[in-house]
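A.B. asks: I have a structure here, written as structure tokens, and I will follow up with some questions on it.
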Amino acid sequence: MVKLIKFSFVIMLFACGTVIAGQKSDSKKADRKLKKVEAFEEMVELVKNKPIEFVAERAYPSGYRNVDLFSNPNHLRIDNDNADIAMPYFGRAYQVTPGERGGFYTESEIEDMKLEVNEKKRKVKMDFVLRNKNDLYTCSLEVFGSGSATLSIISNNRNSISYNGSVSEWIEDGKEE
């Protein structure tokens, strides 16, 4: 009888420990989910209301190998209705103006801006058009809650290309908050 009581007591302790450990695990999962939701909400606020800067880490030209952009400075800066883009290009060009730099370079007003927030997938998608004197760039920037982003550019004169990188708040040189 004593052995039965001891055995029952050990089983009860084990069961209680398992329940407590399960509750801690559920609590950690809930905390992680809450942090992801908060990070996404902050990213949505940043994209909607502040100047942002996309910096690419890797380029993915159509039909070619991906290219590491570690030593290749680049950016896409969006402030209100204006954009400044300086992105290298790798791939096939159909029409090039002599003397023009090889990438996507322009400072212009943003046309046809569409902003879509997908809370289920935790991403913000911005579709817009930029023009320079010789070309039209149709851009799509997808920003995720973690700050990672993908920029796709379709040009009238070149094959399409995509870039992976990150988005952050853009603070103009010489300005302090």
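A.B. asks: The stretch 31-78: Rg/Rh from Cα coordinates, Kirkwood Rh?
C.D. replies: Answer for the stretch 31-78: 1.15.
A.B. asks: When all C-alpha to C-alpha distances in the stretch 119-177 are sorted into bins of 10 Å, what percent of pairs does each bin hold, rounded to whole numbers?
C.D. replies: 20, 38, 32, 9, 0
A.B. asks: Considering only DSSP states other than H, G, I, E and B, which trypsin sites (Lys or Arg not before Pro) in the stretch 121-177 qualify as loop sites with at most 10 other Cβ atoms within 10 Å?
C.D. replies: Those satisfying the criteria are 133, 175.
A.B. asks: Return one whole number: the accessible area per residue of the stretch 28-152 in Å², for a 1.4 Å probe.
C.D. replies: Spelled out: the 1.4 Å probe surface of the stretch 28-152, per residue, equals 64 Å².
A.B. asks: So, one more: When only DSSP loop residues count, what chymotrypsin sites (Phe, Trp or Tyr not before Pro) in the stretch 70-137 have their Cβ near at most 10 other Cβ atoms within 10 Å?
C.D. replies: Sites meeting the loop and neighbour criteria: 70, 94.
A.B. asks: Moving on. Taking just the alpha-carbon atoms of the stretch 68-151, what radius of gyration and Dmax come out, in angstrom?
C.D. replies: 14.2, 46
The values are calculated or read from the model by the stated rules, or taken from the named source; none is laboratory data. A quick note: this is a predicted structure, and the numbers were derived from the prediction, not measured. Neighbour counts run over all protein chains shown; Cβ positions are idealised from the backbone, glycine included. All accessible areas refer to the heavy atoms of the entire protein, side chains included, with ligands and DNA or RNA removed. Shrake-Rupley method; radii C 1.70, N 1.55, O 1.52, S 1.80 Å.
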